Amino acid sequence: MCQDKKGYIWLATDDGLNVYDGQEFKVYKYKLNDENSISGNYIGAVLEDSDGYIWIGTGKGVNKLNPANGSIVRYTYSKEDSSSISSDGILTILEDGDNNIWIGTEEGLNKYDKSTDSFVRFSHVESNIYSITNNCITSLFQDSEGILWIGTEKGLNKMNLIDNQITQCNYAFDVDGIMKDKFITSLFEDNDKNLWIGTFDNGLFKFDKKANKLTNYSQGFEGNNQIAFKHVNDIKEDDYNNIWIGTNDGLFKYNKLNDKLIAYVNKYYDLKSLVYNQVNYIIKDRTGMIWAGTNKGISIFNPEPMFNYYKKDPTKENSLSDDMIRGIYKDNNGILWLGTFKDGLNAMNLSTGDVKHYRNSESTDSLSDDTIINVYGDKQGDIWIATWKGLNLYNKSTDSFIRFNEGTDINTLVSDAVNTIYQDREGIIWIGTANGLDSYDKVTKQFKHYSDIMTKNNILEQNISSIYEDENRTLWIGLGLNGGLVKFDRTSEVMTSYTQSPNDAKTISSNNIKDVTGDNNGNLWIATTHGLNKFSILEESFTRFFEEDGLSNNYLYGVLLDTKGNPWVSTDGGLSKYDVSEKTFTNFNVYDGLQSNEFNNYSYYKSSNGEMFFGGINGFNSFFPEKIEEKKLLNQNVVIKGVSIYDEPFPIDKLSSLNFKQNHFRIEFFLPYFINSSKNQFAYLLEGVDSEWNYVTGNGYARYTNVQSGEYRFLVKGRNNLGQWSEPISIPVKISTAPWNTWWAHLIYITTAIMVIYFIWNRVKILEGIINQRTILLNNKLKENKTLYDKLIKYERSKNNYFINLSHELRTPLNVILSTLQLISNLNEGEKYIEKPNLNKYVDIMSRNSLRLLKVINDLIDASKIENGDYKLTISEVDIVYLVEEVALSMKDYIESNNIDLIIDPDIEEKLIECDRTQIERCIVNLLSNATKYSNKNGSIWVTILDDDTKVRISIKDNGIGIAPKNHDIIFERFGQVNNSESNKKGSGIGLSLVKSLVELHNGTIDLISEEGKGSDFIISLPVRQNKTNNKIL
């Protein structure tokens, strides 16, 4: 195994070479007929040289890989070429301080000559003490003095690289021959300049070069004789000067200061133990973590765990009864009391490690239940144990328990499901249950229930999860479902609730409270299922803390405060410490030595000497906060893993010279921090495109599409699972200008635009003229249409009025006729005979109204015929003077009966004209009827006839109510009528329209001279002769 300069981990296996970036593996394998693949799948050694090339030793030669472009050069043994490598079986590779590559094979040592791209061989020569002791080179190491140490299958050698002089060690320092013919497997020099030597079956040796002393550890370490190993595979040193030894019997850490050896072996019941006991390779990565490569995978170790770790050992009876810890308390005798989820109570002696178990039994003085919820010790040293089946008090003198349960008696618990226990300053024990709050006076041995007080204060939820008393004797109660935080003033028995408001960041972050505690600055620290809260009692406001603020996980369990007032919080994602001065979080996880990243309810405790305990799903941890060194700052920067253009691989260094078509690209990156790497977070930004950082977790990549031409800078930084951000790295991105966006292209655009604008302007002027003409025509048409529309509306209104009046005209005579008939019928039914004068009168009434009705109908029919063009005139030669006088005289009695004088005064005695006699009579009758209808009593009607040579003028004039000038045209329209406030007389509205139509059929005209209140003069002008070609004349 090795880690390259970029941070990739290279893993040699029996089935190819794997490259790991914390998220995914890339595999290099041999491919048939592919010269750009590695020469064999069995990998014996891997090394990155100073030029960035990866040297890969296989069972079929050595390969040099260029990671930048993926090209591979193979070097294999050739019998005919003495400058080729001495054997295809590669066992070890080393680069010395002068950047020379040394390769150990099954058949000798090889030095690579870069200038000739060939090898110089060093071999064993029988009886030559200045040659290597054996050709099977198993290990190479260059020490701080520049000496190259060469381990072989039969002994150790050293080479002076100045003159390439080889010395066999049994002639140098191993005068007693302890190392002679030993199978050397590994070599390493520690910080004290000691050379550590691992062997195949003779254990470990240390050569103190200063004292020229060789120490044999094959029988074990001093003080650790019970630990011994024969087969050593690899040796490394960590940042704390501990020596790590990989063997066939496990991984061992040797502390040189105290001469202590710690063994790490596989434990079938512990997933955090070594994955397999045969450790073949060891490396220390840049973060100081130790990687142990085994035949069954890799284990990663923190060389100096910060936390003491305790868990159940199923192979030992004297161990914790269960790993699921629920409740922790340390008494004054140094006994740690630990509740478990389903296996009772444990009392652990921290000095001896002995554990005593307490479980439920048939005895009434045993625990009431093996499911422990909480463990609490009061000021008097009494130990209280909360279970789902009541509260227990441990009796030290009898080593037994007193039970308190729910019952009907007032002096019992309100509920057996006890969650939390707290003793206030007065010594009162407060018990929070799943169904309410109780207090217990140890002196009077009396319980008090508070359910009614909570209900009275509208606290409906009574699942009590936490209790805390501040310096003002105010109780603060956390509710465990959705009730929030409750302030309890015991003097006034007033309770105040504090709950979450979704739109108010000054309220609590979640109503599900896990723990409440207070500091010395008037603040409460509250753990919830969604974030940590600091509550200022004075200001009554909350400050929230979430994952984005650096908290390891938003789901919290408990809060403990250290001597500086810094909260330590157990979560579902590890342990978080908040520095109140720096306002920053430091996070710890399983790789720092925690039992797990997941903790449990009520599994937290701070002892009187400041030691903190946190329990979870896999045991518990203890530590002193002040002894936890600050986490090392993240000194690893993000590494650009690759670039692709349109999903095709692209050289990273070519990002600064992209053409205009290459504006869809993806940049992949990773953070070489491999502790819980799935939690690594990235922030990236392309200056000039992004206005703010983009955040991704896990697989790191940025994708950009349709990026405009220009120069940009891509920035990316990473955050590890501890919340530490790396420094941003940047790479330039330049996209060339598209041809259509160059200066000469813009000049063409501008010139073309000017020409187009001129053409358009000229065209617009022409179109503008056309549009203006069309606009005028359209406006005229709109005006015309509006006039027609107004006329249509007016016509429809008149038509409506016409039909109303017509119905009146028809109904009136019908009503008269029907009334007369009804009268006659009644007289006949009564056997009363109708006298002849009366009968004549009735018949006359019926006749007149029938004629009136007939007239209206005929007018309606004729008007329709005229309108449809179906009406024909019967023309004959008529004396118009005689005709007019005869009609006027026939109506004289009717007119005078209305107290109106009729004056007939023609200017001529006789005048023959061509006309339809009947229709002209009809016109005269209509005009005289209208004059009569609209004349005042004692008024006059004048009928005059004037001869105008080719025309005859007939005037019918009255001095009646007259017609306003604005209505002169209306009265001649069909359905047209004029409303006159001085007259309520209504007609059918068809008379004058019919008159006008009949006159115009005669090719004549009718005119009106009238003023309102001065009467009206209707003048008919008729031609003397008619046009016989008119198809409307017979």
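For segment 399-410, check the following and say yes or no: at least one residue is hydroxyl-bearing (Ser, Thr, Tyr), more than 21 Å from residue 595 (Cα to Cα), modelled with pLDDT under 95 and not assigned by TED's automatic domain parsing to the domain that holds residue 282. Yes, segment 399-410 has at least one match. Against the criterion of being at pLDDT below 90 and not basic (Lys, Arg), residue 693 does not qualify. Checked against the criterion of being in contact (Cβ under 8 Å) with a residue 24 or more places away in the chain, within 21 Å of residue 522 (Cα to Cα) and out of contact with any strand residue (DSSP E or B) (no Cβ under 7 Å at 6 or more places or on another chain), the candidates 494, 486 yield just one match: 494. Scanning segment 152-170 for residues that are more than 15 Å from residue 127 (Cα to Cα), of a type outside the set (Asp, Glu) and part of a loop (DSSP other than H, G, I, E, B) returns 161, 162, 164. Every condition in (1) assigned to a loop (DSSP other than H, G, I, E, B); (2) of a type in the set (A, V, I, L, M, F, W, C); (3) at pLDDT 95 or above holds for residue 481 except the one numbered (3).
Residue by residue, here is whether (1) charged (D, E, K, R); (2) not in a strand (DSSP E or B) holds:
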| residue | (1), (2) |
| --- | --- |
| 299 | no, no |
| 306 | no, yes |
| 312 | yes, yes |
| 317 | yes, yes |
| 322 | yes, yes |
| 337 | no, no |
| 342 | yes, yes |
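For segment 10-24, a residue qualifies if it is over 21 Å from residue 279 (Cα atoms) and either surrounded by fewer than 20 Cβ atoms within 10 Å (Cβ to Cβ) or β-branched (Val, Ile, Thr) (or both), and the qualifying residues are 23, 24.
Within segment 899-955, the residues that satisfy the criterion of being charged (D, E, K, R) and assigned to a helix (DSSP H, G or I) are 917, 921, 922, 933.
From 294, 315, which residue is of a type outside the set (Phe, Trp, Tyr), at pLDDT below 90 and over 15 Å from residue 592 (Cβ atoms)? Within the list 294, 315, the selection yields 315. May I ask you to verify whether residue 670 is in contact with an Asp or Glu (Cβ under 6 Å, 6 or more places away or on another chain) and closer than 25 Å to residue 587 by Cβ? The answer is yes for residue 670.
Scan segment 157-175 and tell me whether some residue there is of a type in the set (Val, Ile, Thr) and over 29 Å from residue 54 (Cα atoms). Yes: segment 157-175 contains one or more residues that are of a type in the set (Val, Ile, Thr) and over 29 Å from residue 54 (Cα atoms). Taken over segment 915-930, the criterion of being in contact with a Ser or Thr (Cβ under 7 Å, 6 or more places away or on another chain) and crowded, with 19+ Cβ neighbours inside 10 Å is satisfied by 916 alone. If the Cβ limit is 9 Å and pairs must be 6+ apart or interchain, which residue in segment 427-451 that is without any contact (Cβ under 8 Å) to a residue 12 or more places away in the chain pairs with which residue that is of a type in the set (Lys, Arg) and surrounded by 14 or more Cβ atoms within 10 Å (Cβ to Cβ)? Here the result reads 439/448, each pair linking segment 427-451 to a residue that is of a type in the set (Lys, Arg) and surrounded by 14 or more Cβ atoms within 10 Å (Cβ to Cβ).
When the strands (runs of 3 or more DSSP E) confined to segment 81-136 are screened for residues that are touching a residue at least 40 places away in the same chain (Cβ under 8 Å), those reaching at least 3 such residues are found at 90-95, 101-105. When segment 272-304 is filtered for residues that are touching a helix residue (DSSP H, G or I) at 6+ places or on another chain (Cβ under 9 Å) and either among the charged types (D, E, K, R) or closer than 17 Å to residue 200 by Cα (or both), only 272 remains.
Taking the numbered list (1) among the aliphatic types (A, V, I, L, M); (2) within 21 Å of residue 231 (Cα to Cα); (3) at pLDDT below 95 in turn, residue 172 passes all entries but (2). Evaluated against (1) at negative phi; (2) crowded, with 21+ Cβ neighbours inside 10 Å; (3) in contact with a strand residue (DSSP E or B) (Cβ under 6 Å, 6 or more places away or on another chain), residue 685 falls short on exactly one condition, (2). The set of residues in segment 365-396 that are in contact with a Lys or Arg (Cβ under 9 Å, 6 or more places away or on another chain) and of a type in the set (Val, Ile, Thr) comprises 371, 372, 373, 375, 383. Candidates in segment 484-510 are the residues that are at pLDDT 95 or above and among the hydrophobic types (A, V, I, L, M, F, W, C); of these, the one that is nearest to the chain's Cα centre (by Cα) is 508. Of all residues in segment 46-103, those that are among the charged types (D, E, K, R) and within 23 Å of residue 185 (Cβ to Cβ) total 5. Tell me, yes or no, whether segment 240-254 has at least one residue that is farther than 26 Å from residue 184 by Cβ, touching a residue at least 24 places away in the same chain (Cβ under 8 Å) and either touching a strand residue (DSSP E or B) at 6+ places or on another chain (Cβ under 8 Å) or polar (S, T, N, Q) (or both). Looking for residues that are farther than 26 Å from residue 184 by Cβ, touching a residue at least 24 places away in the same chain (Cβ under 8 Å) and either touching a strand residue (DSSP E or B) at 6+ places or on another chain (Cβ under 8 Å) or polar (S, T, N, Q) (or both), one finds none in segment 240-254, hence no. Identify all residues within segment 513-536 that are assigned to a loop (DSSP other than H, G, I, E, B) and either surrounded by 22 or more Cβ atoms within 10 Å (Cβ to Cβ) or among the β-branched types (Val, Ile, Thr) (or both); write none if there are none. Result: 529, single match.
Filter segment 100-115 down to residues that are of a type in the set (A, V, I, L, M, F, W, C) and within 18 Å of residue 74 (Cβ to Cβ) and give me whichever is surrounded by the fewest Cβ atoms within 10 Å (Cβ to Cβ).
Ranking the candidates gives 101 first.
Considering only residues in segment 207-232 that are surrounded by fewer than 20 Cβ atoms within 10 Å (Cβ to Cβ) and part of a strand (DSSP E or B), the one that is modelled with the highest pLDDT turns out to be 208.
Considering only residues in segment 350-378 that are under 52 Å from the mean Cα position of the chain (by Cα) and modelled with pLDDT under 95, the one that is farthest from residue 621 (Cα to Cα) turns out to be 353. Looking only at segment 118-138, decide whether some residue is more than 30 Å from residue 214 (Cβ to Cβ) and crowded, with 22+ Cβ neighbours inside 10 Å. The answer is yes; a qualifying residue exists. Among the residues of this structure, residue 696 counts as one that is within 27 Å of the chain's Cα centre (by Cα), assigned to a strand (DSSP E or B) and surrounded by fewer than 17 Cβ atoms within 10 Å (Cβ to Cβ).
Would segment 347-355 turn up any residue that is β-branched (Val, Ile, Thr), assigned to a loop (DSSP other than H, G, I, E, B) and either over 24 Å from residue 614 (Cβ atoms) or in contact with an Asp or Glu (Cβ under 7 Å, 6 or more places away or on another chain) (or both)? Within segment 347-355 (the criterion being β-branched (Val, Ile, Thr), assigned to a loop (DSSP other than H, G, I, E, B) and either over 24 Å from residue 614 (Cβ atoms) or in contact with an Asp or Glu (Cβ under 7 Å, 6 or more places away or on another chain) (or both)), the answer is no, since none of the residues qualifies. Of the strands (runs of 3 or more DSSP E) entirely within segment 539-641, those holding at least 1 residues that are hydroxyl-bearing (Ser, Thr, Tyr) and in contact (Cβ under 8 Å) with a residue 40 or more places away in the chain occupy 556-561, 567-571, 574-579, 584-588, 599-606, 619-623.
The values are calculated or read from the model by the stated rules, or taken from the named source; none is laboratory data. Nothing here was measured: the structure is a model prediction, and the numbers come from that model. With ideal geometry, Cβ positions are generated from the backbone for all residues, glycine too; neighbour counts draw on all protein chains shown.
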